[in-house]
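Accompanying notes for the structure given below.
Just so it is clear, none of the values below were taken in a lab; they were calculated from the coordinates. Predicted, not measured: the structure shown is a model, and the values here were computed from it. We place every Cβ from the backbone using ideal geometry, glycine too, and count neighbours over all the protein chains shown.
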Amino acid sequence: MSRIITRSAVDKVTLVFQDTNISISAYIIRLLEDSTLKGHPQILDLLCSATDIITAISQQPDAEKSALSWASNAIKKKYLSEMKSLVQNQEWKFNASHASAEKLDNFHIEGMALAMKGLAPDVWAMLDLLLMGDRKAFETSSTADYDGDQVMLNLETIAAHGDGLDYGKEFGENLSNSQGYTAEEAAQISNSRTSSQIPSRHVTGKIVRQDAICTIKKVVMISIMMQSHNMKCNALKSVFGIFLHSTNTPEKVIQALVHMGISISSSAINSAIHALSRETYEMLRDMGKTLIVGYAHDNFDIDFKTSVPTIEKIGRDTLTHLTSGTLIMLEHGVQPDNLQCSQELWEKSALNPQVKSAPITQT
């Protein structure tokens, strides 16, 4: 069916609508809403041309405002629907009082990024656009290697390099690892090309790092929105809170991050630490029950200096002497029977009065 029509054809169709006292808008709405007309050629043509029709309407000055309002309401509903899909994911609900080492080990921000993009692609794309602006963003959260395979970014490693990342060196290593170049050939290629001269199929270290940081930001922003929808969706906040505890972050800093929605509260952090300590205690107890562990002790000193010196604290000894203990699992097939040597050691001990001392021979 031809989409190019003459002015005379338009006039003829207009006369038909006028003679039947039917408006064009009423005709189109009836076609789309009447379920009995499903599959009608006119409906199929409308659906195929939906993008062109919406674009043409939005370009009309009198309809621009209403078209944008409709589009805004439609995308809001889409975003809300995707957020509901995100909060239903049970993997992102973390109970601090039941924290375990296994849950922390299984937490990966790369996995969250992939899942978030899969469950909320439009929200992800919107944040990508707002954060990256006119800069070229990657099509996916994973970047393609030089053979075209999709590999997930190691976000923590890439983002941690900071501005000191040797992009030329990284590009050379990527060439060597993925395309079979020797180290010398890869170094020569990377040294002879600036980032603007590298072919588009090659991803420079700088672009990779920018995308990794952008991905981390999107994960944090979506996590904050998820927690606003459902208080139990706090996996990222919980892990980050435990990290803050491990780095001795001041209480005031933690409270500020709590108000920002990035960390759980100090009380929740303490609950998680107590749960992890309890798990460690039970693990050590179970190790001891096996009777095939070694106990290692170490003496160490800590100087607890006061942050604000006072007269009362002057001259006070701040050096503390402590002893740590470590359980070492005996490997290489050691069994409890192999350690039953107390009787033999006592029989050969010099402290055993029943052991006859060997005669001292003079030389």
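Of the peptides 40-48, 102-110, the ranking by mean beta-carbon count within 10 Å, highest at the top, reads 102-110, 40-48. Stretching the chain fully between Lys93 and Ala56 yields a gain of 8.8 nm (0.36 nm per residue, less the alpha carbon separation).
Evaluated on the stretch 41-90, the Kirkwood hydrodynamic radius is 13.0 Å, with distances taken between all distinct Cα atoms.
Judged by the mean number of other Cβ atoms found within 10 Å, the most tightly packed of the peptides 317-324, 262-269 leads the ranking 262-269, 317-324. Each peptide in 328-334, 225-231 gets a packing score, the mean of other Cβ atoms within 10 Å over its residues, and the list from highest to lowest is 225-231, 328-334.
What list of ³J(HN,Hα) values in whole Hz, one per residue of the stretch 230-247 in order, does the Karplus curve 6.51 cos²θ - 1.76 cosθ + 1.60 (θ = phi - 60°) give from phi, with Gly and Pro shown as x? With the stated coefficients, the stretch 230-247 comes to 9, 4, 7, 7, 10, 4, 5, 4, 5, 5, 5, x, 5, 4, 4, 5, 5, 9 Hz.
How big is D, in µm² s⁻¹, for the stretch 1-65 by Stokes-Einstein at 20 °C and 1.002 mPa s if Rh is the Kirkwood radius over C-alpha pairs? For these conditions, the coefficient is 158 µm²/s.
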